[in-house]
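*Asks:* Before we start, here is the structure in question, set down as structure tokens.
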Amino acid sequence: QVQLVESGGGLVQAGGSLRLSCAASGRTFSTYAMGWFRQAPGQEREVVAVISWRGDSTYYTDSVKGRFAISRDNAKNTGYLQMNSLKPEDTAGYYCAVKRWGVVTTPRHEYDYWGPGTQVTVSS
């Protein structure tokens, strides 16, 4: 199994930046695809970005393209989500998740392990 812990959330003004980190336990992290999801109050959890286990394939939802960047450092068992040019509509709880099949896919049910989440609030 894998344990995930997110960090880096907080309050930021519109136009600012945050970098979220996802620290994973276990030596198999490097073979897992990793995704970031977010959920705002009253809304469904949506995929934000996904990166394959090799880091050679990524997915971004349209609303964050050009602003967010997903990356991973398998040697450190850590994934990242760099968020730039933040907008109030980015306000949500952000969750890191991994799945054993290491290719990029977006359905939530395909992810095997989830972190507890970190809150990102963007003020206007």
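The values are calculated or read from the model by the stated rules, or taken from the named source; none is laboratory data. What you are looking at is a predicted structure, and each value in this text was computed from that prediction instead of being measured. Positions of Cβ are backbone-derived with ideal geometry, glycine not excepted, and every protein chain shown enters the neighbour counts. To get the accessible areas, we keep the full protein, side chains included, count just its heavy atoms, and leave off ligands, DNA and RNA. Shrake-Rupley method; radii C 1.70, N 1.55, O 1.52, S 1.80 Å.
*Asks:* Of all residues in the stretch 11-43, count the ones that are free of Cβ contacts under 8 Å to residues at least 40 places away in the same chain and either under 15 Å from residue 114 (Cβ atoms) or small (Gly, Ala, Ser) (or both).
*Replies:* Going through the stretch 11-43 one residue at a time, the tally reaches 1.
*Asks:* I would also like to ask the following. Residues that are at positive phi and either open to solvent by 60 Å² or more (accessible area, probe 1.4 Å) or out of contact with any Pro (no Cβ under 9 Å at 6 or more places or on another chain) (or both): which strands (runs of 3 or more DSSP E) entirely in the stretch 28-89 hold 2 or more of them?
*Replies:* none
*Asks:* Scan 46, 110 and give me the residue that is free of Cβ contacts under 8 Å to residues at least 60 places away in the same chain, farther than 27 Å from residue 124 by Cα and touching a Lys or Arg at 6+ places or on another chain (Cβ under 7 Å).
*Replies:* Just one listed residue meets the conditions, 110.
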